[in-house]
Each structure stands twice: as C-alpha cells, then as structure tokens.
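See structure below.
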C-alpha cells in the first residue's frame, strides 16, 4: 500500500528526523573589558585593575589593592574605564588627578591636566590599559 506524500512533507520529515540541525550564525559580539584606579589621599597608596568583565568587579579589585597599601580606609575609585586606558598623576604637594582615554598617552595627558588644576609638577604614577 502506497501513500501520497508531497515534497513538502518529505522535506519536513527529513528536517525533523535528521541529526543535522539548522545552524544560525550570529555576528560575534565584542567583549567588554573594565578597569579602574583607586587612590588614598591619606597615604598616597593606589590600586588598579584591568580586564574585568564588569565595572563593579574592576572597582572592587582596585579598592582592595589600594586598601592593602593604605590602612586608612579612605581609598576611593577615581576612574574606571571600558576597553580603554586609565592613569593617575600626582604632584609633590599631594594634589592628584586621573584620566582615561583610548590609549595610554591620552589617559596620561588627561590625568596630568586634571592634577595641574590642583597642583604643580604633576607626573604620572600609574597607568593601566585593558585588552581591547
């Protein structure tokens, strides 16, 4: 006994029973990497992080590093960045500034400019970049 089967029904049956699945390829999404720099005014200690999966985790790591060197409990995150670089500049007077940018030189320039608004002879004491 034969049954009439349409080509559509055959194709549907083959698709459903076939071990080969339909594969949909989505465009790859870029990974975001976060970093941060924390600083203690009381001790001058700083901490940094890079290549964390989120802003919060990057900040926690930078704070932990800063507090390990400070002991005053006054560390604060000055700057965070995503897929970029950050920098911290300090002056002999204790003034400081931070900045971020697409590359190291931009981050350093902004950190020095910010520091120079509060002191003189600022220099970069820390820079860090994420993987891009």
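Some notes on this structure:
- Divide the volume of the convex hull around the Cα atoms of segment 34-129 by the residue count and you get 69 Å³ per residue.
- Fully extending the segment from residue 60 to residue 106, taken as 0.36 nm per residue of separation minus the present Cα-Cα distance, adds 14.1 nm.
- Ranked 118, 46, criterion: other C-beta atoms within 10 Å, fewest first: 118, 46
- By the Stokes-Einstein formula, at 1.567 mPa s and 4 °C, segment 34-77 with its Kirkwood radius over alpha-carbon pairs has D equal to 134 µm²/s.
- Residue list for segment 100-132, given a label point 7 angstrom along the Cα-to-Cβ vector of residue 68 and an amide N cut-off under 18 Å: 126-129
Coordinate-derived values only; no laboratory data. Quick caveat: nothing in here was measured; it's all calculated off a predicted structure. Using ideal geometry, Cβ is built from the backbone for each residue, glycine included, and neighbour counts are taken over all protein chains shown.
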